[in-house]
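Every read-out reported here was derived from the displayed coordinates using simple, explicitly stated rules and does not represent laboratory data. For clarity, every value in this text was computed on a predicted model and none was experimentally measured. Cβ coordinates were reconstructed from backbone atoms using ideal geometry, including for glycine residues, and neighbour counts include every protein chain displayed.
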Amino acid sequence: MAVLSRERITVRKKILDFHKYQYALLAGIIILCAVVFRLFLMAHNWPPTDAEEGTMGLEALHIAFQRAHPIYFYGQNYMGVAEAYAGALMFRLFGASIFSLRLGMLLFFTTFLVLVYLLGSLLYGRKVACVALLLMVVGAMNVLVPEMKAVGGAVETLVFGSAVMLLASWLALSSRGDAEDKRRLWARRFAYAGWGIAVGLGLWSHLLVVPFVFCSTVLLLLFCRRDLLSMNGLFLALGLIIGAIPLIKYNLTAPVAQNSLAVFISLHSTSYPDAPTGIILLLKQFSGTFLFSLPIATGMPQIISNFVLPLYSPVQAQFILPILLYAAWSLGYMLLLGISSWNALKSINLLRKKRRAEKTLEAQERQALILHTARLLLLACAWLTILSYLSSATAAQRPWSYRYLVGLMVATPAVIAPLMNNHGWLDRIQWVKSKYVNMFFLSILLIVPVLGTVQDIPQIVNGNKIIQGQTEFLNTLSNMKITAIYSGYWVCDRVIFQSREHISCASIKSVNGKVAGGLTRYPLYRTIVKKSKRVAYVFTDDGYFHPQDLIDKFSRDKGYSRIDINDYIIFVPVKS
């Protein structure tokens, strides 16, 4: 009997241990599925690479094999190249390739999934965190591309944005006035240092992280002021200096008009020559944001172009339903954001009233106040991200730049939280049960990413065909002993990287039927092309660089012979 009793206790303990870690295990399985899915896409050469990913690949090559230490993306002074440093590590381990470059991206994204699970668990519970992860396993092309393609800024915003909010929330929730044991004391010191490093690296990587830095700072100032004036503050400052080394190095040598603050202000106030003004600009910003950018950035498949939106062109009957669908999605997203914010504000207000009445709060009530404040500030990150995008000219003139809303993914647990709880006001309506309403809308959120993936399957299948065509093109140039070409911006750096710099390319464009210089991000390549004795001109039939006037001009020129291979049109100098 005693043996049976001990066995029952052991089994019960195992069951309790399983229940204790079941959500962590489930989260691990979900993250593994997300990683395997992206590895599958990468192995099938999807998404197709382009010149800007080629630029990042070139920086990774220079870091890995030429001991270069670039601070920013070649040709600009505001986007850090953490992706290039991660890619350089992968190049050293697995060799230089697009696949290896994207392994660095996968490492970043996996880190983000772990961080967002921890953040969601801390603020909303493990069940909400697991559902948030489920929403990120698959997705439409427009969501997956910023996560996978190494073009800078997106995954770093996710990693460092979630890191600063997680560390600030944990520090605030674990703060207390009594003496601390050494282990806990050092854990907090390292957390402060980690927060500082994440802030520094985040601001260097991309200014999209600013809302998260601001809101996490407010959280620390509200609940950890005493800490900041102690040794913990020193660790924070030390971490910030370490993380901001690239920023500090740049700003010590940059002109005042090009320092990081000036760049941030100029980026947000960017205008376009053909942009409208006044009320038309404002209406176009709302139309671009809520009828296109926000739905796509938060998971909706792209089923229309921004050019069919109101104020972009006369509205056509066949596009009314998709536009209304996008509008409904944006409305639903903003409602969830608003409900979650209202719940946090209401709870904070009740606790503040009690503190004013009783002059103090019990320990559990203080924890609740911190928790709801952290929730509200996480939601504020989402509000600020939307507001920043909405108030920019980009929302009106380039709504396809929805990657600037990528930070909204960090707030996913906060957005879906209202659907994971029952709402009494819904139960007051006859025949309505809040849990069924929540399940219905939650099922929609879970189904839409799957539908987006299914819609994009034809493009995924096409990835290998595209890379095969690019390889044949490079082999053709190599067989003709051509090592220097002129081509379009979206061709050049991709060709240079794919050829491992055996082929140099300078960017050109068509201006009134004449060849003009384009943006060549790394000036050395233009110098090499200029000095080359035999330079070919490359155009494409896939839309990346197809100036018909220049193609016609070179076709008439007897000094060049035309070679067509796959989607490429090559004009090779005739040997004298």
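Relative to the Cα centre, the charge distribution of region 302-405, modelled as +1 at Lys and Arg Cβ and -1 at Asp and Glu Cβ, gives a dipole magnitude of about 480 debye. Model label sites at L321 and N421, defined 7 Å from Cα along the beta-carbon direction, differ in position by 3.7 nm. Couplings 3J(HN,Hα) of region 538-555, computed from phi: 10, 10, 10, 9, 9, x, 6, 7, 9, x, 4, 5, 6, 4, 5, 4, 6, 5 Hz, in residue order, whole Hz [Karplus 6.51 cos²θ - 1.76 cosθ + 1.60, θ = phi - 60°; x for Gly and Pro].
Pairs of Cα atoms in region 332-410 fall into 10 Å distance bins, from 0 up to the last occupied one, in shares of 17, 37, 24, 15, 7, 1 percent.
Quote the charge dipole size of region 463-573 about the Cα centre in Debye, to the nearest 20; the model charges only the Cβ of Lys and Arg (+1) and of Asp and Glu (-1). Don't skip to the answer; put the middle values down first.
Values: 16 positive and 10 negative charges, 117 e Å.
For region 463-573, the charge dipole is close to 560 debye.
Between L281 and V454, what's the calculated FRET efficiency when r is the beta-carbon distance and R0 is 35 Å? Round to 0.05. Let's see the in-between values first.
Numbers: r = 37 Å, r/R0 = 1.06.
Calculated transfer efficiency: 0.40.
When the alpha carbon gyration tensor of region 275-401 is reduced to an equivalent ellipsoid, its three semi-axes come out at 40, 15, 11 angstrom, largest first.
Given N residues in region 347-388, what is Rg(Cα) / (2.2 N^0.38 Å)?
Working: Rg = 12.9 Å, N = 42, 2.2 N^0.38 = 9.1 Å.
Taking N as the residue count of region 347-388, the ratio is 1.41.
Reported to the nearest whole Å, the Cα centre-to-centre distance from region 528-556 to region 303-372 is 50. Put simply, when 252-263, 476-487, 79-90, 437-448 are sorted by average Cβ atoms within 10 angstrom per residue, most first, you get 79-90, 476-487, 437-448, 252-263. Count Lys and Arg as plus one, Asp and Glu as minus one, and take only other residues whose Cβ is under 13 Å from that of V574; the net charge is then +3.
Please list 215-224, 63-72 highest first by mean number of surrounding beta-carbon atoms within 10 Å per residue.
Numbers: 215-224: 19.8, 63-72: 14.6.
With the highest mean Cβ count within 10 Å placed first, the list reads 215-224, 63-72.
For region 286-352, count all C-alpha to C-alpha pairs, find those more than 15 Å apart, and express that count as a whole percent of the total. Beyond 15 Å sits 56 percent of the P(r) for region 286-352.
Stretching V515 away from E358 to a fully extended chain increases their span by 48.8 nm, per 0.36 nm per residue minus the current alpha-carbon distance.
Order of 353-363, 25-35 by packing, highest average Cβ count within 10 Å first? Display every interim value, and only then the final one.
Values: 353-363: 10.4, 25-35: 16.6.
Highest to lowest by the protection proxy: 25-35, 353-363.
A crude spin-label estimate for the pair Y436 and R562, with each label 7 Å from Cα along the Cβ direction, gives 6.7 nm. For region 104-196, the spread of Cα coordinates along the three principal axes comes to 51, 29, 15 Å, biggest extent given first. Each residue of region 250-264 was assigned a 3J(HN,Hα) from its phi angle through the Karplus expression (A = 6.51, B = -1.76, C = 1.60, θ = phi - 60°), giving 5, 6, 5, 10, 6, x, 4, 5, 10, 6, 4, 5, 4, 5, 4 Hz with x at Gly and Pro. Charge tally for D541 (other residues, Cβ to Cβ under 11 Å; Lys, Arg +1; Asp, Glu -1): -3. Phi angles across region 314-331 convert, under the Karplus curve 6.51 cos²θ - 1.76 cosθ + 1.60 with θ = phi - 60°, into 3J(HN,Hα) values of x, 5, 9, 4, 5, 9, 5, 5, x, 5, 5, 5, 5, 4, 5, 4, 4, 4 Hz, Gly and Pro given as x. Distance from the Cα centroid of region 187-235 to that of region 393-408 is 27 Å (rounded to whole angstrom).
The alpha carbons of the chain stretch over 95, 63, 59 Å along the principal axes, in descending order. Counting Lys +1, Arg +1, Asp -1, Glu -1, what net charge surrounds Y389 among other residues with beta carbon under 12 Å of its beta carbon? Charge balance near Y389 sits at +2.
If you keep only loop residues by DSSP, which trypsin sites (Lys or Arg not before Pro) in region 126-185 have at most 14 other Cβ atoms within 10 Å of their Cβ? Here the sparse-neighbourhood loop sites are R176.
Region 166-313: D in µm²/s via Stokes-Einstein (Kirkwood Rh, Cα pairs, 20 °C, 1.002 mPa s)?
Roughly 114 µm²/s, to the nearest whole number.
Taking max minus min of the alpha-carbon positions on each principal axis, region 226-327 gives extents of 64, 32, 23 Å, largest first.
Over all pairs of different C-alpha atoms in region 463-573, the reciprocal of the mean inverse distance, the Kirkwood hydrodynamic radius, equals 13.9 Å. The stretch between D552 and L384 holds 55.6 nm of extra length on full extension. This uses 0.36 nm per residue minus the Cα-Cα distance. Among the cysteines of the chain, those whose beta-carbon sits 4.7 Å or more from every other cysteine beta-carbon are C33, C130, C215, C224, C381.
Relative to the current alpha-carbon distance between N349 and L39, full extension at 0.36 nm per residue lengthens the span by 106.9 nm. Each of S205, S121, V159 was placed along the dipole of region 54-205 (beta-carbon charges, centred on the mean Cα), and the one lying farthest toward the positive end is S121.
Taking 7 Å steps out from each Cα toward its Cβ at M334 and M480 produces label points 5.4 nm apart.
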